[in-house]
């Protein structure tokens, strides 16, 4: 098994210490940093598949995303100006009035793992902040998260703010979170909703990939 | 039947005269009474708001107490830093919890040691250890006891009076006091990333510490419920749904301590209401391991409650689950239709309590809440 394949398998098996050790060793031996990133992405793709198949659950998703983040932090200084190819730009945040961030953070990391440039605005994000960042970055996708029913109005206001900024036809808007469903989608006027991170990736791939 | 007899009947999996109803109301009461959420910190405002709900939208069978007279008391149940409306948040926001590390990894071992030394008081000792990490104004060591214990005592004394008033109105209490189950407590106090790492690398330490705390959980819950005169407790299992963990992790690591707790409480005549937020579909089979007639499984709309009736309906009373989005965005006719279905299918043969899926959405439409309450009168009589 080659080093890239080994790294992909280790992160897919959510082996934190071994994955990082292998990445360090590969870098020390002069491996191509971009190929290591690709290996990590391959492994994360397996994690996503296993999550979707309900073989993995939240702990595996969260821990593998953390391993990916830690590994990228090791690799980035070796990139020497090489840039990782992106599939598109996403602006993500939790709706105004809501500070829940577990789901939003996972979606942001999974989008990064899948090759998207992600601008994470954090929690309690105002509609204007979403619109401003989407305009600045020329994002193709805005993802709004919320766990509270009070977030429904903030999601709707964000959709309206993006329209007022003249961006509604230039990007897609997805919403996600525990109580989000078809009824909430209709209320907010967004384009699609997702119940878990793999659905968010699928929606991003559909609209940007 | 009185409301208490009705509750006892369904928990014992018997058929009552009609389906009991118990909505979980807190912030909704403020909006309905024309207040903002921060106003509920003042006890007289809470009493006024919940009374208005009871008289105009009720009645209900069991009062679901969720008003904390001191925010520190909430920490005793959910070991997380909290942001409150009107304090850290705008007055119309709702209470939110921060995902930060309160519990250190080394404390799994500390818990084992504390449970060996002082089995009945390990819960108290653990939370007094954590309190200064949550609240800046709470000191370390004996100072934490001196700061927090009087607040808990005052809170319980006020609840006791409150419960007496509700009983005078013919309304029983859903529970006397509640705690987060040990496994779920650790998940909250460690933070989700740390806890994910613990489950991957040290699952046996998590399970052992959770089981070791059973004696102190039983002792604390029993003492408080004796004082309050309610023979039911809420055991919240917020982090044991399949939104968080696999059915295998639930069965091997979370369930053993939960089962031990429920069985021990049953042995002293206390029923457990398991507050099962999130999706529990894949855990339902494992819940059959709990003894029949000992507990209530409360669902919030994320679990397939109709499937739950099929799988655990002969073991546990089922409670729920009018979804938040339906109450906030639906129509009274849609709520009526859903409640009718719940009563017909989940209420078949008894063993069912109608309620909102978790806390009633603050922005629920009052006419929808009324439709939910009225449905037990329209469709809920068995004879």
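What follows is calculated from the coordinates using simple rules that are stated; it is not laboratory data. This is a predicted model, so every value here is computed, not measured. Note that we place each Cβ from the backbone using ideal geometry, even for glycine, and neighbour counts take in every protein chain shown.
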Per-residue average of other protein chain Cβ atoms inside 10 Å, peptide B:88-94 -> 3
What relative contact order, as a whole-number percentage, does chain B give when Cα pairs under 8 Å and 6 or more residues apart are counted? 22
Spatial separation of Cα centroids for region B:320-349 and region A:144-201, in angstrom: 25
Distance (nanometres) between label positions extended 7 Å along Cα→Cβ at residue B:104 and residue A:205: 4.4
Helix-only [θ] at 222 nm, chain B, -39500 (n - 2.57) per DSSP H run of 4+, per residue, nearest 500, equals -14500 deg cm²/dmol
What relative contact order, as a whole-number percentage, does region B:1-101 give when Cα pairs under 8 Å and 6 or more residues apart are counted? 26
Relative to the longest principal axis of the C-alpha atoms of chain B, give the angle of the C-alpha long axis of helix B:192-201, reported between 0 and 90° and rounded to the nearest 10°. 60
Shape verdict for region A:89-207, please, from the Cα gyration tensor: rounded (a/c under 1.5), prolate (a/b greater than b/c) or oblate. rounded
Give me the percent of DSSP beta bridges within the protein assembly as shown that run antiparallel, rounded to the nearest 5. 10
Span from the region B:4-21 Cα centroid across to the region B:269-318 one, whole angstrom: 16
Please compute P(r) over all alpha-carbon pairs of region B:187-320, binned at 10 Å starting from zero, and give each bin as a whole-number percent. 12, 43, 35, 10, 0
Quick one: if the Förster radius is 45 Å, what FRET efficiency do residue B:36 and residue B:149 give, using the C-beta to C-beta distance and rounding to 0.05? 0.90
Over the Cα atoms, compute the radius of gyration (one decimal) and Dmax (the largest Cα-Cα distance, rounded to a whole number) for region B:1-137, in Å. 19.4, 52
Ranked list, fewest to most other Cβ atoms within 10 Å of each Cβ, for B:244, B:163, A:68: B:163, A:68, B:244
Which residues does the label zone of residue B:201 cover in region A:43-68, counting backbone N under 17 Å from a point 7 Å along Cα→Cβ? A:59-68
So how tilted is helix A:16-28 from the main axis of chain A? Cα-based, degrees 0 to 90, rounded to 10. 60
Cα gyration tensor of chain A diagonalised, 5x eigenvalues square-rooted, in angstrom largest first, produces semi-axes 33, 18, 13
Calculate the length of the line joining the C-alpha centroid of region A:26-42 to that of region B:125-141, in whole Å. 45
Here the relative contact order (percent) of chain A, from C-alpha pairs under 8 Å and at least 6 apart, is 17
For region B:66-332, just say rounded, prolate or oblate: build the C-alpha gyration tensor, square-root its eigenvalues into a ≥ b ≥ c, call rounded for a/c under 1.5, and beyond that prolate if a/b exceeds b/c, oblate if not. rounded
Under Stokes-Einstein, region A:3-78 at 20 °C and 1.002 mPa s, with its Kirkwood radius over C-alpha pairs, diffuses with a coefficient in µm²/s of 179
If you project the alpha carbons of the protein assembly as shown onto their three principal axes, what span does each projection cover, largest first, in Å? 76, 59, 47
At 7 Å along Cα-to-Cβ for each site, give me the label-to-label distance between residue A:186 and residue A:85 in nm. 4.1
Each residue of A:176-187 has, on average, a number of other protein chain C-beta atoms within 10 Å of its C-beta equal to 4
From the Cα gyration tensor of region B:116-167, with a ≥ b ≥ c the square roots of its eigenvalues, which class applies: rounded if a/c is under 1.5, or else prolate if a/b is larger than b/c, or else oblate? oblate
Give me a single rounded figure for B:196-206: the average over its residues of other chain Cβ atoms within 10 Å of their Cβ. 3
